1. Looking only at the stretch 10-28, count every residue that is in a loop (DSSP other than H, G, I, E, B) and modelled with pLDDT of 70 or more and tell me the total.
2. Are there any pairs, at least 6 apart or on different chains, whose C-beta atoms fall under 8 Å, with the first in the stretch 192-213 and closer than 24 Å to Trp135 by Cα and at pLDDT below 90 and the second outside any helix (DSSP H, G or I) and open to solvent by less than 40 Å² (accessible area, probe 1.4 Å), and if so, which?
3. Tell me which of these Leu158 doesn't satisfy, since it passes every other one: (1) touching a residue at least 24 places away in the same chain (Cβ under 8 Å); (2) more than 25 Å from Phe217 (Cβ to Cβ); (3) surrounded by fewer than 15 Cβ atoms within 10 Å (Cβ to Cβ).
4. Anything in the stretch 167-181 that is touching a residue at least 40 places away in the same chain (Cβ under 8 Å) and either surrounded by fewer than 17 Cβ atoms within 10 Å (Cβ to Cβ) or among the charged types (D, E, K, R) (or both)? List them, or say none.
5. Restricting to the stretch 253-270, what's the tally of residues that are surrounded by 12 or more Cβ atoms within 10 Å (Cβ to Cβ) and touching a Ser or Thr at 6+ places or on another chain (Cβ under 8 Å)?
6. Can you confirm whether the stretch 216-223 contains a residue that is within 24 Å of Val266 (Cα to Cα), outside any helix (DSSP H, G or I) and touching a residue at least 40 places away in the same chain (Cβ under 8 Å)?
7. Out of Ala232, Ala277, I need the residue that is in contact (Cβ under 8 Å) with a residue 24 or more places away in the chain, out of contact with any strand residue (DSSP E or B) (no Cβ under 7 Å at 6 or more places or on another chain) and either open to solvent by less than 90 Å² (accessible area, probe 1.4 Å) or not in a loop (DSSP other than H, G, I, E, B) (or both). Which one?
8. Only one of (1) assigned to a helix (DSSP H, G or I); (2) in contact with a strand residue (DSSP E or B) (Cβ under 9 Å, 6 or more places away or on another chain) is not met by Tyr160, so which one is it?
Amino acid sequence: MAVPQPSLADGEEVSIEQQTLRDQAAVKAQAIKALLREHKGEVENLLVEQEEEWFNDDPFVIISMENMASQTKTKEEKVYGATNEYHEYGVHIDSWWIGTSRALLTLVYLILFALIGIIIWQFMYYQYQEHVIAWVIGAIFVGLAVPLSLQDIHYHMLHYVSPLQRHYMRILWMVPIYSVESWLAVRFNSQKMYLETLREMYESFVVYSLFKLMREFLGPKEVALWKLSKVASRHGKTVAKHPFPCCWLMPWKLNAQFLTRSSLGVWQYVVIRTAMAVMTCIFESYHMYGEGTMDWSKLYPYSVIIINCS
């Protein structure tokens, strides 16, 4: 096999040692090309298998690699007077949000210490009445749950390396919101309906965030459809049946129809749940809600039926 000789520029002198190294490099290049041509099919199959493993392990690996290739490791820009640093995965870390999170966490711990003094004062003022004891017990659990949840959210901000983490933080906010709302409802029982309504509105938002989290785990639409087809071929099914008691409904095909209808189902619940929460506040202000009573002249029975159907 003839090895092409490297061309030299005019007046360039090459030693025997340098010429030998160049010849060896050219021979190795020709040998590698010959091997690739000979085993072209095996190399392509190996690449396909590796790509499937990447998709199975993490649908964002290839997307992250593309982001890393298109961006430099660190960039800086001014946003709200703060510096944004871009992580190697292509997700920015906003120092403004980190500082805000630290301030909020510090404020929560200060409120927690103040809450201990309020508990002692309430015990002494109301002379250990039953409703005060219930309120104090609830305050103890709130004092444990809220700081732990906010600490977890703060760590997600400090180590923000994936867009998925914003959904984690939205879901984690349920703990402080639910615990504080329940505690205030025990303490201010006459206002519990309005507090519960605000909680239910956030609940619908969390349902949407959970769906978005699962949807983004599947990857872009093309990747998600590929995974659905893989699941269908593995189980020998092309449709997904509804669980009881909705088993009488038509099954959904495991293709783009499944993704579209899932999105519509979540969106209609978010809209209806929020609308019913607002209507609850309005009807309660006119004493026409009737919580816990099956009085058909009140809103409560209709609200229960609509939300459960949704």
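The values are calculated or read from the model by the stated rules, or taken from the named source; none is laboratory data. Just so you know, these numbers come straight off a predicted model, no measurement behind them. Neighbour counts are summed over all protein chains in view; Cβ atoms, including those assigned to glycine, are modelled from backbone coordinates with ideal geometry. Calculation scope for accessible area: heavy atoms of the full protein, side chains included, ligands and nucleic acids excluded. Shrake-Rupley method; radii C 1.70, N 1.55, O 1.52, S 1.80 Å.
1. Here is the first cut: in the stretch 10-28, the ones in a loop (DSSP other than H, G, I, E, B) are 10-15.
So of that shortlist, the ones also modelled with pLDDT of 70 or more come out as none.
Selection size over the stretch 10-28: 0.
2. Pairs that qualify, where the first residue is closer than 24 Å to Trp135 by Cα and at pLDDT below 90 and the partner is outside any helix (DSSP H, G or I) and open to solvent by less than 40 Å² (accessible area, probe 1.4 Å), are Met193/Tyr289.
3. Going through (1) touching a residue at least 24 places away in the same chain (Cβ under 8 Å); (2) more than 25 Å from Phe217 (Cβ to Cβ); (3) surrounded by fewer than 15 Cβ atoms within 10 Å (Cβ to Cβ) one by one, Leu158 breaks only (2).
4. Of all residues in the stretch 167-181, those touching a residue at least 40 places away in the same chain (Cβ under 8 Å) come to 167-168, 171.
Result: Tyr168, Ile171.
5. Result for the stretch 253-270: 5.
6. There is at least one residue in the stretch 216-223 that is within 24 Å of Val266 (Cα to Cα), outside any helix (DSSP H, G or I) and touching a residue at least 40 places away in the same chain (Cβ under 8 Å).
7. Numbers: Ala232 fails: in contact (Cβ under 8 Å) with a residue 24 or more places away in the chain.
From the options Ala232, Ala277, the qualifying one is Ala277.
8. (1)
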